[in-house]
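What follows is a single structure, written as structure tokens, with notes after it.
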Number of protein chains: 2
Amino acid sequence: MAGAGRSRDGRILSVPSRAHDATTARTSVDVHVARVLELLAPLTPRPTIILPLAQALDRVTAAETVSPIELPPFRNSQMDGFAVRAADVASAPVSLPIAGEVVAAPGTPAELRPGTAVRIMTGAPVPDGADTIVPVEDTLEANDHVSIARGRRVGEYIREPGSDLHIGDVLLPAGQLLASRHLGALAAAGLTTVAVRSAVRVAVISTGSELVAPGEPLGPGQIPDANGVALAAAARSIGADVVFEGRVRDDADGLEAMLDAAAALGAELILTSGGVSMGDHEVVRDVLEPRGAHVDVLAMQPGGPQAVASWPASRGAAAIPIVCFPGNPVSSQLSFELFVAPTLRELAGRLAAARETRVLDSPLRSIPGRRQFLRGRRTPGGGVTTVGGPSSHLVAALAASDVLIVVPENVTELAKGDSVETWEL
Amino acid sequence: MAGAGRSRDGRILSVPSRAHDATTARTSVDVHVARVLELLAPLTPRPTIILPLAQALDRVTAAETVSPIELPPFRNSQMDGFAVRAADVASAPVSLPIAGEVVAAPGTPAELRPGTAVRIMTGAPVPDGADTIVPVEDTLEANDHVSIARGRRVGEYIREPGSDLHIGDVLLPAGQLLASRHLGALAAAGLTTVAVRSAVRVAVISTGSELVAPGEPLGPGQIPDANGVALAAAARSIGADVVFEGRVRDDADGLEAMLDAAAALGAELILTSGGVSMGDHEVVRDVLEPRGAHVDVLAMQPGGPQAVASWPASRGAAAIPIVCFPGNPVSSQLSFELFVAPTLRELAGRLAAARETRVLDSPLRSIPGRRQFLRGRRTPGGGVTTVGGPSSHLVAALAASDVLIVVPENVTELAKGDSVETWEL
């Protein structure tokens, strides 16, 4: 984490001509966004897995599903009333003997004898021979006869098989995020499983000798590791499957062992935090730069130092993409949201995080040449107020926020009442 | 499911004075909403359980959480640069010898000797004796000395312990739905667990002799049970814990056995579908009315027949509330959303389903005296279009919908361009 001769943002301190320029030598956020997108491209398309309906909630369909049956499967009544033949009531008013009732239970369908009526309930199978349903509201009963006041149309109040969906019709499209109503429709079509995209298997590794496991006593200069918990939960919350979580000191062998473990557990994407800035003891850089990592300092605050890399997969599969975040908890969580979350959301069929324009409740300042991501809270009437300051250590302030406020690179000051772009957290 | 002498909505067919009135003898939707709310009141407050952070995503905090430590825990640098004493640079420009660097790793804190500067990185502990940080941008280095152009304020660019949160300050409020940033803040404070509300334990029971398990071959008059899958998934999707799912024919003994099983498994809320309308073979009514069930027919479409009841808990606990829905899949899913979901969402700390006003893309008709819930899909520009018809058998149309369109009891016709209330699904 420390440095000598170079600052974290990589500028050589002994070169006066650059030492006072806070904007040069920094890469645009958009360049790194595109770089990570390209790195993660091999995660698409997702392999398909078949899940029982009870396990498929919030998964996304891998293919279009067509109905294997007619929905509804049989001709049934849309009303409580009487099944008759339209011809028998054409000369209405008429009175027909009630020849029985249809029970909505398995068995051979009832049959309607000409000149009679059969009592029927909503959803019950229409008896053979009947071609119209007279709603009970339009009838009078006496002495086992039903009086029908007027003639009826053939087919009235009858649900034909397939009136909801025919065999082979599309029941669900590909890419459908499965909510309860979708699972209900699959079950109604007699299906017990559904083909969904496999979840992306993610590994999360926190680095830094200053880190201790949450709950352990803190020595001088030590802090609990918040990044592991936060990044793993963030990945899970948008449909990823976290297969490995590790924490390692600034020790190259330890990090290599963790990366191998993540690979052995089938990780398809590895996220690291810490060890990626410009000091002498940057373990992520030490391990990954010799293997071709691309390390960069971005024109953003917080979260300047970032990297992309890859690690050999076990059993000769394709290399595993690694996205390396800085170690400050706010920086790493913000970086996840900015660079990785959009891809994971899309692969899991989730909506992108809502972005809207809101009105600042208070003025703010920003560093020239940096895209600043401030933490904010929405206020009534389309406003937004900042929560805490710009510093990357304010984890409690982040927890108290519900949006990020995005301040463009070329903006250094905003007044109360100015409009800003906000991203929903 | 069938009836003789009475229609499903309970009107005696041989009484002409009521037979033509579609609106009398129906209870307001709001009355039943209040009835279910009262029935479910004992589910609040929720017992508290302690969960590891890794299992607490999307749970809701049971109590306010305060920070057990200062955040940050120690005095550290907000910038890459040099730690100095303000007094030593008061006579700037000055040049100070670089006496070392601070590594952000455990160990005894470095100490700053008067008249020297110590190189420091963002987040590293400020050495004893130093009272200000000079950002690297404001310095020049040569021959192991650093030149500082102007004087600095005491405390500048130093993060004091507790500058994010002090010991005892509120880290998270009670009732907080836990997202990744909240879990990250808890971990940063050195916490490993969090007190959350226990999930409501729900049992789902489908009734009807016409039902077969999804995937079983369909005989005449048989349909797959969609309600079990849909209601269980709907309950899970808003934070409930589904502890029992059953399906039973129109058989009183079978239903009683299922209710006992649900009780034995600790269900706190039982949801049934089917068997609650006005026929002779209504198994839910047959079993529960002698035990004090309140059966009603509501002024709504779909979903008229509804009931509330209770069942003895095992081991003498309080009676278990039962909410009984009609059997049609669309009716039961809509009834869950209307009567039960709001309470379950609140107990799980979830937001209520969004309700907004939209403009109809097409005209529609509705039955006088019924609150109609049509299935709809949002269209660009604040519009909404109906999907499928009003009939309660259209499960595929429900799956293709993203909102419910609510048509009030006193409205029988709406024109294209009229405004309607929509509920997000």
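The values are calculated or read from the model by the stated rules, or taken from the named source; none is laboratory data. These numbers were taken from a predicted model, which means no experiment stands behind them. Here the Cβ is made from the backbone with ideal geometry for all residues, glycine too, and neighbour counts use every protein chain on show. The protein model used for the area step is the full one, side chains on, heavy atoms only, and it has no ligands, DNA or RNA in it. Shrake-Rupley method; radii C 1.70, N 1.55, O 1.52, S 1.80 Å.
What the table shows:
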read-out	value
Efficiency of FRET from Cβ geometry, B:ASN143 and B:GLU421, R₀ 56 Å, rounded to 0.05	0.15
Residues B:ALA25 and A:ALA213, FRET efficiency given R0 of 45 Å [Cβ-Cβ distance, rounded to 0.05]	0.10
Rg/Rg_ref, the range A:24-90, where Rg_ref = 2.2 N^0.38 Å and atoms are Cα	2.51
Overall form of the range A:355-424 per C-alpha gyration tensor (a/c, 1.5; a/b vs b/c)	oblate
Taking the convex hull of Cα positions in the range A:281-336, its mean projected area over all directions (nm²)	4.4 nm²
7 Å along Cα→Cβ, label-point gaps from A:ARG355 to other copies, nm, shortest first	3.3
Modelled label reach - A:ALA252, point 7 Å along Cα→Cβ, the range A:189-212 residues with backbone N closer than 20 Å	A:206-210
Computed [θ] at 222 nm, helices only, for the protein assembly as shown once each DSSP H run of length n ≥ 4 contributes -39500 (n - 2.57)	-5000 deg cm²/dmol
Within-15-Å neighbourhood charge of A:TRP311 [Cβ basis; K, R +1; D, E -1]	-2
Alpha-carbon gyration tensor eigenvalues x 5, square-rooted, for the range A:206-319, Å	21, 18, 15
Pseudo-label separations to other copies for B:ALA264 - Cα-to-Cβ vector, 7 Å, nm	4.5
Solvent-accessible surface (1.4 angstrom probe) belonging to A:TYR157, in square angstrom, nearest 10	80 Å²
The range B:196-261: proportion of alpha-carbon pairs further apart than 16 angstrom, %	52 percent
Over chain B, relative contact order from alpha-carbon pairs under 8 Å, at least 6 apart, %	16 percent
When the convex hull of its Cα atoms is projected in every direction, mean area for the range B:76-159 (nm²)	4.5 nm²
Quotient of C-alpha Rg and 2.2 N^0.38 Å, computed over the range B:318-394	1.33
Net charge over other residues, Cβ less than 14 angstrom from the Cβ of A:GLY162 (K, R count +1; D, E count -1)	-2
Per-copy distances of the A:SER91 label point, shortest first, in nm (7 angstrom along Cα→Cβ)	12.6
Peptide-level mean, for B:56-63, of C-beta atoms on other protein chains within 10 Å	1
Förster-model FRET efficiency, 35 Å R0, B:THR412 and A:ARG153, C-beta, rounded to 0.05	0.95
Taking all pairs of distinct alpha-carbon atoms in the range B:96-242, Kirkwood radius in angstrom	21.9 Å
Highest to lowest packing among B:372-383, A:85-96, B:131-142, scored as the average C-beta count within 10 Å	B:131-142, B:372-383, A:85-96
Within the range A:110-157, trypsin sites (Lys or Arg not before Pro) in DSSP loop having at most 10 other beta-carbon neighbours inside 10 Å	A:ARG153
Accessible-area value, A:ILE50, 1.4 Å probe, nucleic acids and ligands omitted, Å²	110 Å²
Peptide B:158-165, shielding by other chains (average Cβ, 10 Å cutoff)	3
Distribution of pairwise C-alpha distances over the range A:276-378, 10 Å bins, in %	12, 34, 34, 15, 4, 0
Environment charge of A:ASN410, counting only residues whose C-beta is closer than 15 Å and scoring Lys/Arg +1, Asp/Glu -1	-1
Computed Rg/Rh of the protein assembly as shown, alpha carbon atoms with Kirkwood Rh	1.09
Taking the range A:305-392 and dividing mean pair separation by its residue count, relative contact order in percent (alpha carbons under 8 Å, at least six apart)	19 percent
Chain A - Rg and Dmax from Cα coordinates, angstrom	32.4, 109
Listed residues B:LEU37, A:LEU218 arranged by accessible area, highest first, probe 1.4 Å	B:LEU37, A:LEU218
Amide H within-cut-off set for A:GLU101, under 5 Å, with H built and near neighbours excluded	A:ARG119
